[in-house]
Every structure is written in C-alpha cells, then in structure tokens.
Amino acid sequence: MNRQLALSITLILALPLRAQTTPGYSPQAAASERATEADVISRPSPSSASAHSKFLSLQPHMAGTLAQARTRDYVVSQMKSWGLMTEVRSYRIWMPHPVSTRVWRIAPDSLELNLQEGPIAEDTTSAAFPQVLAFNGYGAAGDVRGEIVYVNYGLIEDYAQLDSMGVSVKGKIAIARYGRSFRGIKAREAEKHGALGLLIYSDPADDGYVRGDVYPVGPMRPSHGIQRGSVMNQNGDPSTPGYPSTANAKRIPVSQMEVPHIPVLPISYGNAAELLRGLAGKSIPQPWQGGLPFRYHVGPGPVQARIAVTTDATTNPYKEIWDTFGIVRGSEFPDEIVMIGGHRDAWGPGAADNVSGTVSVMEAARAIAEQVKAGKQPKRTIVFATWDAEEWGLIGSTEYVEDDSLRLKSGAVAYLNQDDVAQGMNFGGGGSPSLRALLRDVAKGVPDPSHQGSVYDVWRKRANLTADSLEPQMGDPGGGSDFAGFYNHLGIPIADWGFGGPSGVYHSAYDSYHWMSKFGDPSFEVHAATASIGAATLLRIANAEILPYDYVEYARTMRRFGSQVDQAIADKHWNVSTAGLTTAIGRMQDAAVAFNAARDRALTAQLAPGIGKQVNARLLEVERHLTRPQGLVTRPWFRNLIYASDENNGYATMVLPSVNEAIRVGDQTVVGKELTDLAQRFDAATRALQMAAELLRKR
C-alpha cells in the first residue's frame, strides 16, 4: 500500500459518522464505493502529470494549427495505451488567424511599438518556438488611426463617466485596461460608442509589479507581457449560430456574424505607457489611476496612434478543430453518461491554461482505466473529453453539445469541467448547487498538496470557518468555460474545481512549463490532486444506485436568490409580487426533503428491479425543467433560467436571468410574466421530484 493510498483511506475512516453516509448508495454499496474511491484517489501521479505537462506545453498550440494537432494525437495515443475506447470529432470553424499586427504612436512623435513579448533566457520555451502574434481572436482586420482616449476598464459605466466629462471616443482609438469584464464586452462597447479601434493592456496594478515580483523573478506579468484572447461574445462557431458546424452546415455571411467590426489588439503595459504617458485632457476620476509611474489622463490627444491588422479572413478563414474522447462503457446503464472535460488549445504554451486541466482529465482517465483493467467497471458510461478552440469562444465544446444535444438531453447525468486548475495552493470549487455537497464530500477524502490534511480541511481553514455548520463559498456557473454548453444551454448539472494563486502569465508566451515548475505547481502534486478529485467524483456519480443530486441545497440556494429578486423589486416600488416564485421554491424544497427521506429508506432495503432506473429518469428531468427551449429574451442560446453570464459583463454571473434582466431594463410587465413562467418551471421540477419519491415509496 503506497503512502497516498494509506493517507486517503485514513482520511475517509477519520470522517465523523455523520459524513460516512453516502447519498444515493445503500450501506453495503457505500462501503464498497468508499474503498473504490480511496483506491482511485491514490492513482494520479505527480511525475506522470509533470511528463504530460512538459509534452503538451512544449510549444504554443493555438486552435487551428499543426501544433494543436500534435496535442490531439498525444491525448488520443495515451488514452488508447490505457485501454480506453477513443473518438475524435472534427469541426470546420470560421476562425481567421492573424497575418500581421502592428501599432504605432504617430503623434506628437513617431514610434512603432514592439508587440513581441520576447524570450526570457531561463524559459527556453519562450525562445525555442515562434510566439503567437499579439492578437485578439475575432477582432477585425483594418488600418485605422486617431487620437487616443483612455477609457479605464472599458465598462458601460466607464463610458457613462466619460459622457459626464464631455469626452467621446467617436472617431478615436480607445485604450482600456484588462479586468472587471470580459474583453469581448470591452470591444462591443468601444465599437458601440464609435471608436475606430481598441487597444487593451494589462495594467501593472492588476497583474504586474504592483501585485508582486514579475516573471522570471516572481509569478507576475513583466512589462512586455501580453494577454491575448477572443473578443467574440457568443459561444460557438459564429458562422453556425445555435447549430453544429457539421460538413453540410449552412454558413451565414460574415456581415451577419456577431463579431467586432473594428480592429482590437492586446498590448503590454510597457507599450501602453508609451501611449498613456503623453495624454492630456481632463484629469481622471481617482479609481481610474493604474499602476504606471505617472498620472493618467483621459485625453483625447495630443497622442495619436495607428493600428494595422491583417488576417487570413479573405484567403483561409476556415480552420479544422478536433475534440477528443476517451470512453469507459457503463456495465448497467451504458446510455447514462458522466463526462469530464478540459480544453487543449492555448494562446501560448498554456501550461496553466489549460494544459493543467487537460492533464487532470488525463490522469483521472488513467486512474479509472487501471481500475477497469482490474475488473471494476463503472455502472454508467464515463467520457473523458478534451476540447479544442475554447479560447476562441468555447467553440469545440459548444459544437459538440449542439451536435449531440439529443443524446445529452436524454442521458447526460453530469459534466465536470477542468479549466486552469493549477496556479497555486488555494482550492476552490463550484457549479450546480445540486452537486456541491458531493464535491465537498469527495474533497474530504483527497490529501491536500500542502500535506496539512484533506483538501476540504485546508479549504475550510483558508476560509477561516470555525462553525461546523458553515461551508466554504462555492462559485456559480455563469459562463466563460466549457461547461456553458452543458449547463447554460441544456441544463445538465455541472461541477468544477481547481487551485489558484498569484499569476500574471494568463494568455501570454510565459504560461510555460518553466513558470509552472517554478511558481504554479513545482511538485505537480496540485495536478495530481485535481485529478484525484475528478476520478472520485466521476465514480461517485457513475456508480450510484440513485443519482446523488442534492436538491435540498439547490432549493435553499434558490430561496436566497428569490429574496434578492424581492428586494430588487421593492427598491423600485413596483406593484409586482414574488409570492408565486417564493412559494414554488418552497414547494421544491419540501419535495426535496421528502425525496431524500424516501431515497434513504428505500436504500436500506433492496430496491426492486428497474425501480432505480425509473427514479433516475425522473431525477434527470429536474434541472432540465428549469430551462426553456426559446431561451432568454436577450440570448436565445442561454436556455437555463437559473444562471447565465451577465450580458453586460461576460465574466460575472446573472442569477435568475430571465427575471433579473427584465428588472435591469425596467420593464415591470415583463418582470411579472417572467416570475410567473419561472414559478411554473419550479413546479415542474418539483413534480419530477415527487414522482421519483412516489416510485421509491411503491418499491
């Protein structure tokens, strides 16, 4: 017995009696499952994780390149060597690549900015291969010039502030700092306000020397570091909105695609200083001051700039991308699918984003494959996915979900996401409230990389939780990663987790194996721990007799959101009642409590043949009922009525978006209609729970 296995078993046996209960399992099955999980937790290896990371981050591998095909072949060959069935799906995507990107200061004097990040001697990857050009995916080609206007973070409220100061970006070039919102929102707002082009830079106050020592001395962004990234706000191939990019798919013309129509480029804060230092105009509001060593001004002028971007949009706009899958077929319920995935593409070497997530998926796959070889076949089918073109707009996962939507809607039990999971020692997790208790429980059995107890123990300590009744805060699935197609589009429960820490190499050429080995996860034990959590979580769901969703916690979370809606309406002094929604959520909580009691009673005895399958079919309906086919009024692709990304931020989460978006635009009539619709959908979810409980009572 190796040390990690012994520690895993010790952690599980040390749990208090209350935590030994395993929802969804009979007492006999629970004991077997706990032993199976302890074994699989011990299998992910730091040395294997390091080897995978070194190979996959050897060179930049942007989607649509031969280097990305290399990562595809590696993942598939590894999964085949472990005995997994494999599949590769390809899609042809409208995805223009950069040919040339240039920026000049043209007044009051002339200077061409050097957009290359350049090599760092001790980081051999930064010198061995050509770097991806300074480029924002889906920014338009063009050659524009104009006076510079500093727009802070480029938020909607920042433009309102500029309006109050009498400053316009119309006919100008806007310069914004990264942060506070998705870069696609920055591009949208700059274009909406008439800017000819947009430059986005990472301010040292946000991830540079103000935050810590810069790379290679420390983990933060150096003065020549650049953050690349997509500026498209929708998910999936822009030429096939809402449907898959299959061989004969109809493509819409470029004029109808929801992509920016102005050039947008990322620059370093060293280059930004060359444009911001000479700006005149009105003094900025104090919160707009960044970390560069001079006082910022808004402009416009006297500094003027020129942006020139050439792409292959007219010569070679379509690129092939590849999703890969490793598959373990379920022994009892092969049509029910539990999936874990992470994206393979990157803007550079991508050691953190997202080689770390890919490695976690691979090590979880190897761990479970070894158990299968030893004769332990999971009851449900498990799929290990790696996605392509996530960085361009969640494209690989979105095309797959749109392509396979019927099978996923009928049989997908859960999707687990791994994105940028190893950047330090601070654990965090989130996802659907229905899976949060399960994730916390699994974390109790996984040794923390700090060697100070379990992941759960250290998580609680870092959150300064003393009362046993309190749990660490968990994140909501608003959008921004590959879970979006599964959850926001189809209503499939999801979970995600990872370890964070100080980092300033996001989307740069320095997100490398050297950075990871020096700062992110030198021992690669974080990579192994994320994989251990993934493997155990997959098995906990795949082997359950009754699917282990927690709809009591789900309903309690919804009650909190309902109270927030009630307060927002009260603040507007509207004559709109939230009573229908409040009582509907209350009915769901009552049904969830009753279901849990019926489930636990039924599992103390032997379930009648076929009952479990019927119950699970009803449980799969619960969160599907909280979606609607026509989606949100603002964004039909977002069908989930519980969480969505904020359409005016991109990164932030909008809870109960159908209602809260109507509140934000001030339409009291629509708010009333959306409240009624949402209450009815909660009642449909409640009926599914009640039917599941009734089946168990009639066992």
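The values are calculated or read from the model by the stated rules, or taken from the named source; none is laboratory data. Keep in mind the model is a prediction, meaning the values are calculated, not measured. Neighbour counts are summed over all protein chains in view; Cβ atoms, including those assigned to glycine, are modelled from backbone coordinates with ideal geometry. Side chains are part of the model used for accessible areas, which takes the heavy atoms of the whole protein and leaves out ligands, DNA and RNA. Shrake-Rupley method; radii C 1.70, N 1.55, O 1.52, S 1.80 Å.
At 222 nm, what helix-only mean residue ellipticity would the chain give, in deg cm²/dmol to the nearest 500, using -39500 (n - 2.57) for each DSSP H run of four or more?
-12000 deg cm²/dmol
When only alpha-carbon atoms count, how far does region 157-296 stretch along each of its three principal axes, as whole angstroms with the largest first?
Per principal axis, max minus min of the Cα coordinates gives 55, 42, 22 Å.
Compute the FRET efficiency between GLU122 and THR315 as 1/(1 + (r/R0)^6), taking r as their Cβ-Cβ distance and R0 = 22 Å, and round to the nearest 0.05.
0.05
Using +1 at the C-beta of Lys and Arg and -1 at the C-beta of Asp and Glu, which of ILE267, ILE148, MET62 has the Cα lying farthest in the positive direction of the dipole of the chain?
The residue sitting most towards the positive pole is MET62.
Would you give the gap between the C-alpha center of region 62-91 and the C-alpha center of region 385-426, rounded to a whole Å?
Their Cα centres are 15 Å away from one another.
Which angle from 0 to 90°, rounded to the nearest 10, does the C-alpha axis of helix 579-604 make with the longest principal axis of the chain?
The answer is roughly 50 degrees.
What nm value, rounded to one decimal, do you get for the distance between TRP104 and GLU332 when each label is placed 7 Å out toward the C-beta?
7.1 nm
I need the Debye-formula profile for region 571-684: one equal scatterer per C-alpha, no solvent, reported as log10 I(q)/I(0) at q = 0.19, 0.22 1/Å, two decimals.
Log10 I(q)/I(0), no solvent term: -1.02, -1.23.
Between region 632-656 and region 21-42, how many Å separate their Cα centres?
Going from one Cα centre to the other spans 37 Å.
What is the distance, in nm, between label points placed 7 Å from the Cα along the Cα-to-Cβ direction at ASP468 and at GLN630?
5.0 nm
Using the Kirkwood formula over every pair of different C-alpha atoms, what hydrodynamic radius in Å results for region 375-453?
15.6 Å
Where does each of 269-281, 96-108 land if you order them by average Cβ count within 10 Å, highest first?
269-281, 96-108
Send over the per residue convex hull volume for region 493-585, Cα only, as a whole number of Å³.
Looking at region 493-585, the number lands at 166 Å³ per residue.
Where the centre of each part is set by its Cα atoms, how far does region 187-207 sit from region 570-585, in angstrom?
Taking the Cα centre of region 570-585 as reference, the centre of region 187-207 is 38 Å away.
So, by mean Cβ neighbours within 10 angstrom, what's the order for 247-253, 516-522 with the highest one leading?
Put in order of decreasing packing, that is 516-522, 247-253.
Compute and list, largest first, the equivalent-ellipsoid semi-axes of region 110-239 from the alpha carbon gyration tensor, each √(5λ) rounded to a whole angstrom.
Semi-axis lengths for region 110-239 are 28, 18, 15 Å.
If Rh is defined by the Kirkwood formula over all Cα pairs and Rg also comes from Cα, what ratio Rg/Rh do you get for region 436-538?
With Rh from the inverse mean 1/r over Cα pairs, Rg/Rh is 0.99.
Taking only the alpha-carbon positions of region 33-154 and ignoring solvent, what does the Debye formula give for the base-10 log of I(q)/I(0) at q = 0.15, 0.21 Å⁻¹?
Here the Debye-derived log intensity ratios amount to -0.99, -1.34.
Under the 0.36 nm per residue contour assumption, what length would be gained going from the current alpha-carbon distance of ALA684 and ARG559 to full extension?
Length difference between fully extended and current span is 43.3 nm.
With +1 on each Lys and Arg Cβ and -1 on each Asp and Glu Cβ, and nothing else charged, work out how big the dipole of the chain is about its Cα centre, in Debye to the nearest 20.
Using Cβ point charges on Lys, Arg, Asp and Glu, the chain gives about 960 debye.
So which aspartates and glutamates can LYS250 reach, going by Cα to Cα under 15 Å and dropping same-chain residues fewer than 8 places off?
In chain and number order, the partners are ASP237, GLU399, GLU402, ASP403.
Return an integer: the convex hull volume of the alpha-carbon atoms of the chain, in Å³ per residue.
Enclosed volume per residue, from the Cα hull, is 154 Å³.
If you line up the long axis of helix 27-41 against the longest principal axis of the chain, both from Cα atoms, how many degrees apart are they, to the nearest 10?
So the inclination is approximately 40 degrees.
Using a 1.4 Å probe, what is the accessible area per residue for the chain, in Å²?
Value for the chain: 36 Å² per residue.
How large is log10 I(q)/I(0) at q = 0.31 Å⁻¹ when the Debye formula is applied to the Cα atoms of region 486-527, each weighted equally and without solvent?
Debye curve over Cα of region 486-527, log10 I(q)/I(0) at q = 0.31 Å⁻¹: -1.13.
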